[in-house]
C-alpha cells in the first residue's frame, strides 16, 4: 500500500479569475474526503462502529437474544433500538461510514489509476544528473559498454528499458502499484457483490420431520422464518419438494457428536425425484437454492384416543434445549371430543400435552434432562391439559409452547400429575381417553438459501488477495547506466589538472550505474550488484 | 499420549521461563557498549567513484538507509552476560521443541490436526510465533535481546492458555470436519502467530523511540539495550506486511467454509465481527505506514491497537460472547 508518494505533483492550477465559493468549498471538501488522513479516520471509525455489533445482540444474527435483551432491559431497549444498536450493520451511521470510506477510496484510486496508466505508457525517466548521489552507485569495469547491450541484459530480466543518448534508464516493479489498484477495485467488487446478494437473495428456515407425510415444497408459507431481498418476489422461489427419509447421527461416549448425515428425496421441477444426502459441511445444492443442515432433534409421535374412541396422531418436533438433545414441546389435539352426532366442537374439550423428551433418561429422577444425545433409554415426560387452547383467538402463537394466557385464565387446566412414559406405553386419563407414546421420528432444522452475490464476492476476494500480495511484496525500483560523467565533473583528484568539461570521448570515459529503490526494499543493494555484474559479464563476452 | 502432551506443555512453559530469566540476565548485566558501539560506528563508506571524488569537498550524502541497520549489528560476542544470552537462545529452542512435542502428542492422541479447539489453537499459534522468532534470530543474530520480550509473551500466553482454557483431548465435532478446517485455521493460526511476533518489535520501537527522545523513566528505561528504533520499526512493518495477506486469506477461507457450513459466507457472528475489526485496523496500519505524513509512532500505535483487537478475538470473543465459533 504504497500510496501517493510516487504521484507526480499536478501542475499548479492557474489562479481562478472569479473565485466561486461554493465550488471552492466543494473542491476542498472533496480533497479532504479523498485524503489519506480522512481514509484512516474512516477506517478507524469503521472498526469502532463494528464493536457494538458484537456486544449487543443483533436481529440478523439471533432475534431471540434481542427479545431477551428487551425483557432484561426494558428501559434501555427503546433507546438502543432507536440508535440502531440491534441492527448495527444496517444502521444509518454504520452505512454512512462505509459509504464515505468507499467514496474516499474511489476518489483516491481513480486519479491513481490514471497516473498509473500514464506511468505504464511513459518511458522510464531520464537519469538524475549525479548518479553517485543515489542510494546505489557503481562504476563498471567495462568502460565503454554498449547501451543497447545493457538494455538487452535488463530486458531479459524484465526491466522496462529506454535508451536515450547513450544513457540507459530502466524501471521495474510496476506490478506493485497495479496490485494496489487491483486490491482497491476488488474491494468495490466485494461491496457490490454483498449488495447484489442482499437485493436478489432470499432465505427461509424451517424444521423438517422425517417421513413422507411431513415433506414440504418450496413456498414462503412453508417456512417458519423468511427473508426476501427487496428485488425478490415470492413467486421467484424455485419449485422443489424435499422429504427427509433418514437422519443418521452418531456420538462418542462422551456425548460429543461425531457424524451427521441426512438422507432426503428431492423433487425438482423438470426431473425425476432423486435421493440425495447432505450433512453439516456439505449442503444440498439445488437449482437456485441450497439447503443447509443446521441442527437436529426428536419429534415424539403421540397417539391420542379421545373418549369417543376416535384416534388422532401427532408428530410434534420438540425443540432441543441442550447438547444432550433434551427436547421441549407440545402435542396439541384441537379437534378431539367432537360430538359425532352434531359435528360440533366443544372448544373447552381440546387436549394438549406439554412435555419433555429425553433421548436417554437418567437412571433416577428428576427426569428433566437427557444424559446422552442418542436414544439409549428414551422417555417422555408429559403433562396433560384440557380446555381451550386459544388457537381461535387469531393471535399468532408458537406451536412449541402452550398459550400461557389460557392456562393463567383457567381456561386450560392440567389433568393429573406429570407422567413419565416409555415408547409403547399408554396412559389413561380421567375421562377414559388414552394417550400413547408411539415412538419418535428425527427432525432436522434447515436453512434454505439463495445468494446470487456469493460468486461476485468470492471472485472479488480472490482478486483482492492477489492484488494485496502484489502490492505488499512488489518493489518498485529504477536503475540507470550512463557513459561518462554527464555533469560538470568534480575534480578527479583535487588540486590537479582542471576538469575536462563533461567529456565522454575517448577511453577515459566511465560507465556509471545508479539505482534507486522507490519503496522499502532491503534487498536492492544485492540486486543492484548482481545487475552490474551481469552487465559486466555481458561486456566481457563481447 | 494426552497426559504426555499436558506434561510437555508444563515443561515447555518452564523452559520458556528459564530462557526468559537468562535473557533478563543478559539484558541487565550485558555489555552496554554493544548497542552504543553500533550507534556511534561511522556509517559504512559507499563505493567511491574510482578515485574520483576527493578533496575536502563533501561529495557524498550519507548512505541511504535501504540497508536495515540490524545488519550492522554484530551478534553479541563476549562476556559472561552474552553467555547467558546464548544459553537463553538454546533454552528457547529446547522450549520450542517441547512446545512442538505438546502439539504433536496432542494431535496423535486426538488422531487429527491439533487445532480443533481454542486451547489447541492457541498452542499452535504461539508455536508459529516462536518458530518465526527463531527463524528471524537465525538471520539476524543481532536481535537476540528481543528474546526477553518474546519469551515473556510466550510464558504469559501459554500460562493463560493452560490455566484458563484447557480442554481435554477429543475428536472433531462434525461441524469442524471439513477441508476448510485446515485451510482456515492454519492461515488464521499463521497470521495470528505472526501478529504475536510483530507486537514485540512494535512495543520496543515505541519504548526505544521514547528513549531516544530523552525519556529515561520506566518503561522507557527498558529500551536502553534494544536495537535501534528504525530497525525495530522496519521489522514491525515487515512482520505485519507478511501477516496481513495471511489473515485476509484466513478470513476468506473462513467465509467459504461458513457458506458451506452455516449457509452464508458472512453473518456478523462475534468472531467474524472481530476478525473484520482486526482486518480494518491492520489495513489502517499498513496505510498509515505507507503515508509519509503520518508519523511512524502513530502507525505503530495502530498496530498495537490491532493486536489488542486480535487478543479480544482470540480470548474475549470466546469468553464473553455467545456465537457460532464457540467450540471450546
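Values as computed for the structure displayed
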read-out: Flag for residue A:255 being surrounded by 14 or more Cβ atoms within 10 Å (Cβ to Cβ), farther than 28 Å from residue A:313 by Cα, in contact (Cβ under 8 Å) with a residue 60 or more places away in the chain and away from chain B (no Cβ under 14 Å); value: no
read-out: Search result, residues across the range A:23-55 that are surrounded by 17 or more Cβ atoms within 10 Å (Cβ to Cβ), assigned to a helix (DSSP H, G or I) and either more than 7 Å from chain B (Cβ to nearest Cβ) or free of Cβ contacts under 8 Å to residues at least 24 places away in the same chain (or both); value: A:38, A:40, A:42, A:44, A:45, A:47, A:49, A:52, A:54
read-out: Sole exception among (1) surrounded by 19 or more Cβ atoms within 10 Å (Cβ to Cβ); (2) more than 23 Å from the chain's Cα centre (by Cα) for residue A:141, by number; value: (1)
read-out: Residue in the range B:57-78 that is modelled with the lowest pLDDT, counting only those that are surrounded by fewer than 15 Cβ atoms within 10 Å (Cβ to Cβ) and more than 14 Å from chain A (Cβ to nearest Cβ); value: B:74
read-out: Of all residues in the range A:419-459 being exposed (fewer than 14 other Cβ atoms within 10 Å of the Cβ) and farther than 30 Å from residue A:186 by Cα, the one that is nearest to the other protein chains (Cβ to nearest Cβ); value: A:422
read-out: Residue A:276 vs. criteria free of Cβ contacts under 8 Å to residues at least 24 places away in the same chain, more than 14 Å from chain B (Cβ to nearest Cβ) and within 28 Å of the chain's Cα centre (by Cα); value: yes
read-out: Any hit, the range A:87-100, residues being under 30 Å from residue A:69 (Cβ atoms), without any contact (Cβ under 8 Å) to a residue 40 or more places away in the chain and not in a helix (DSSP H, G or I); value: yes
read-out: Of all residues making up the range A:460-507, the number that are modelled with pLDDT of 50 or more and either surrounded by fewer than 18 Cβ atoms within 10 Å (Cβ to Cβ) or not in a loop (DSSP other than H, G, I, E, B) (or both); value: 21
read-out: Residue list for the range B:202-218, filter: closer than 9 Å to residue B:229 by Cα and crowded, with 24+ Cβ neighbours inside 10 Å; value: B:204, B:205, B:208
read-out: Residue A:91 more than 19 Å from the chain's Cα centre (by Cα) and at pLDDT 90 or above; value: no
read-out: Test result for residue A:141, within 14 Å of chain B (Cβ to nearest Cβ), part of a loop (DSSP other than H, G, I, E, B) and farther than 30 Å from residue A:198 by Cβ; value: yes
read-out: Matching residues in the range A:322-343 - criterion: being surrounded by 15 or more Cβ atoms within 10 Å (Cβ to Cβ) and outside any strand (DSSP E or B); value: A:324, A:325, A:326, A:334, A:336, A:337, A:338
read-out: Residue in the range B:261-269 that is in contact (Cβ under 8 Å) with a residue 24 or more places away in the chain, more than 8 Å from chain A (Cβ to nearest Cβ) and assigned to a helix (DSSP H, G or I) present; value: no
read-out: Subset of the range A:304-313 (residues that are touching a strand residue (DSSP E or B) at 6+ places or on another chain (Cβ under 8 Å) and either free of Cβ contacts under 8 Å to residues at least 24 places away in the same chain or assigned to a loop (DSSP other than H, G, I, E, B) (or both)); value: A:306, A:311
read-out: Qualifying residues in the range A:57-76 (those that are part of a loop (DSSP other than H, G, I, E, B) and facing chain B (nearest Cβ under 10 Å)) - the one surrounded by the most Cβ atoms within 10 Å (Cβ to Cβ); value: A:58
read-out: Pairs where the first residue, in the range B:153-179, is more than 8 Å from every other protein chain (Cβ to nearest Cβ) and farther than 24 Å from residue A:262 by Cα and the second is at pLDDT below 80 and surrounded by fewer than 20 Cβ atoms within 10 Å (Cβ to Cβ), C-beta under 7 Å, 6+ apart; value: B:165/B:328; B:167/B:328
read-out: Single residue of B:319, B:286, B:311, B:246 found to be under 30 Å from residue B:119 (Cβ atoms), within 11 Å of chain A (Cβ to nearest Cβ) and in a helix (DSSP H, G or I); value: B:246
read-out: Odd one out for residue B:292, checked against (1) surrounded by fewer than 22 Cβ atoms within 10 Å (Cβ to Cβ); (2) in contact (Cβ under 8 Å) with a residue 12 or more places away in the chain; value: (2)
read-out: Out of B:310, B:249, sole residue that is touching a helix residue (DSSP H, G or I) at 6+ places or on another chain (Cβ under 6 Å), surrounded by fewer than 23 Cβ atoms within 10 Å (Cβ to Cβ) and modelled with pLDDT of 90 or more; value: B:249
read-out: Residue among B:304, B:277 that is touching a helix residue (DSSP H, G or I) at 6+ places or on another chain (Cβ under 8 Å), modelled with pLDDT of 90 or more, over 24 Å from residue B:177 (Cα atoms) and facing another protein chain (nearest Cβ under 10 Å); value: B:277
read-out: Candidates A:276, A:301, A:280, A:266 - the one that is within 30 Å of residue A:349 (Cα to Cα) and either touching a strand residue (DSSP E or B) at 6+ places or on another chain (Cβ under 8 Å) or surrounded by 13 or more Cβ atoms within 10 Å (Cβ to Cβ) (or both); value: A:301
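The values are calculated or read from the model by the stated rules, or taken from the named source; none is laboratory data. A quick note: this is a predicted structure, and the numbers were derived from the prediction, not measured. Neighbour counts are summed over all protein chains in view; Cβ atoms, including those assigned to glycine, are modelled from backbone coordinates with ideal geometry.
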